[in-house]
Each structure stands twice: as C-alpha cells, then as structure tokens.
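Working notes for the structure below.
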Amino acid sequence: MAGLRETRVEAANPLGLDGIEYVEYATSAPQALGQVLELMGFRPVARHRSREVLLYRQGPMNVIVNAHPGVVRGHAAPGEHPRISAIALRVRDARAAYDHVLERGAWDVPMHAQVMELNIPGIHGPGGAHIYFVDRHREFSIYDVDFTLIPTVDARPPALGGMHWFGIVQYIGRDRSDDWCEFYRHLFGFSVLPEDQRFGILPKGTLLRSPCRQFMVQLVEPDPVTVSYDEEELFHRVGLGVPDVPATVAALRRAGVEFVESDQTHTEARGALTRHYQHSLVFELVHSAGPQAEAAAP
C-alpha cells in the first residue's frame, strides 16, 4: 500500500515541487530596490562572487536583486524600473524536472555559468522571464557556491509578522487564460481553483494552486472595458502571506511602507496592497496561516 500511495503522490506532483526558492528582480538601480525591500523586512545577506547581484532574505523567502546586463531576454541591460526576471522552484531533482518539462514542450534557457558557478536548469516563462529548478535548499544550497556572505549580518533574518511566499501574480494577454492554465497544468501539475474560492482583496483573474499546495499563481487578463495596463505578459508582483494582515500592515507602516487606500482597494483582514515603488514595484499581502498549513489542508 505504501508504494501505491507514493505513486499517487508522484502522479499528482510530477516534479516533486516544494515551494518557491527565490524570486529575482532585474534593475539598473539596485540600491533603490534594496531600500524598498528593506522597508518590507528583507535584509541583504550575501553578494554574488562575480556578478552585480545581491541576495536578500527574511524567514523562508529569498529575493535576488540582479543588475547584471542580459538578465531578461530581449533586454540588453536591466531597466531602472524593476521587473521580476525569474522565479526558482524547489523540486525533488532539478535535472529530472528540467527533462520532464522539456519533453512536454517547454522552451529551455541555455546555461551560461562561468567558472565556479552552478548551472541551474530553467525554461522560458512570460515576457522573457525564466523559471528555474533548484534541488539544493536544505543542508547545502545554491547560495553556498555562487554567493559570499556579507560579514557581521544575520544570514537567517526572521520574517516580519510570519511573512512567507503566497504566490505570483502574472499578467497575461487578452483571452490567454486557457493557454496559461494549460501551461501550468501540463508542465507542473497545477490545478485551477473554483471561481468562488478567492484570497486577498483583489479577486480578479484565474487562480491556480501548486501541486505541493505551498503557493499560487494568479492569471490576470486586461480589463475588457478599462485597460489599466498594456498587454505585455509578465510576472507582475508577488503575494506575501501573513497570519495577521492588520498587524503586519501596522508594522510595515511604522517602517515607512505606504498602502493603497481607496473605495475599491483598501486594507482589511483579508489583504492589503502597497503603493507602487519605482513605478513598477508592488507587494500584495494575503491572509495565510503559512505554507505548511496550506500543504496540510485537505
């Protein structure tokens, strides 16, 4: 019976997904982005050995700030306005996960690791962003090879208010929801949630849950009446889960973070939205007990 149960688990989660390892931002103004990240509770903990890249961390979350040229396909160098250039997913076996998605039609990202750098397998996501696969995240991590710790800092700073990854909001083209749902279902094993199952304060779009049940992807098409953004497809923002939204909002406000307060969007127990920083940088808070609680939910 144990073998049958393991087979069913593998079928439901073919890559052995185990959450988000990091989110990477590309920018030509890394100091300005770093200041906003520090307001949100992240702390710089390490520098890349050979590139203009910094690692920020709080609790279980890693954020990479990349100012190195050629980060996003089609862009010679990062722009001043930060954009999510990559997400890395924890998997059971990175090479096996990479082979699995390539067999199902994913487009691979050529690896260009330099001497003494790790080759991290990845595929193309929306708007030239990449999706990477990482299996070194326990005793030995990818950062042990490519990064040098900043002296005197806490390499494991605690998370403000129990903050953790809740999900990624992805803007997509008009009438492209079915295509992207199939992308996440076919390659990764995501499941589409019922329309009446919603989280946070921005209920638009289609929600997909990862097979490890530790994070979501929200697909948002342009508004058919009032288009508030162009139809470029991209990872737009991250969702940060917190057990107590009002308490976390209060702590962040004391640190200097500003939140959107309007008739349509305002802070409440379900969630909150920060104002835009550096034109494109925004964070969404969502009520969530934590990734382990999500994973254990029926």
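Looking only at the stretch 168-208, residues that are surrounded by fewer than 16 Cβ atoms within 10 Å (Cβ to Cβ) and in contact (Cβ under 8 Å) with a residue 60 or more places away in the chain come to 2 in all. Comparison of 87, 120, 64 shows that the only residue that is under 18 Å from the mean Cα position of the chain (by Cα), within 27 Å of residue 153 (Cα to Cα) and either at pLDDT below 95 or in a loop (DSSP other than H, G, I, E, B) (or both) is 120.
To keep it simple, each residue is scored yes or no on (1) touching a strand residue (DSSP E or B) at 6+ places or on another chain (Cβ under 6 Å); (2) under 11 Å from residue 88 (Cα atoms).
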residue: 123; (1), (2): yes, yes
residue: 136; (1), (2): no, no
residue: 148; (1), (2): yes, no
residue: 153; (1), (2): yes, no
residue: 163; (1), (2): yes, no
residue: 171; (1), (2): yes, no
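Selection over the stretch 244-280 of residues that are in a helix (DSSP H, G or I) and without any contact (Cβ under 8 Å) to a residue 24 or more places away in the chain gives a count of 4. On the given criteria, is residue 98 at pLDDT 95 or above, of a type outside the set (Asp, Glu) and outside any strand (DSSP E or B)? When the stated conditions are applied, residue 98 passes them. Strands (runs of 3 or more DSSP E) fully within the stretch 144-243 that include at least 3 residues being under 28 Å from residue 279 (Cβ atoms) and in contact with a Pro (Cβ under 9 Å, 6 or more places away or on another chain): 164-171, 234-242.
For the stretch 281-298, filtered to residues that are in a loop (DSSP other than H, G, I, E, B) and at pLDDT below 90, the residue that is farthest from residue 20 (Cα to Cα) is 298. Here residue 205 passes the criteria (1) of a type in the set (Gly, Ala, Ser); (2) over 30 Å from residue 45 (Cα atoms); (3) modelled with pLDDT of 95 or more except the one numbered (3).
The values are calculated or read from the model by the stated rules, or taken from the named source; none is laboratory data. Treat the numbers as computed from the prediction; the structure is a model and nothing was measured. When we count neighbours, we look across all protein chains shown, and the Cβ atoms used for this are built from the backbone with ideal geometry, even at glycine.
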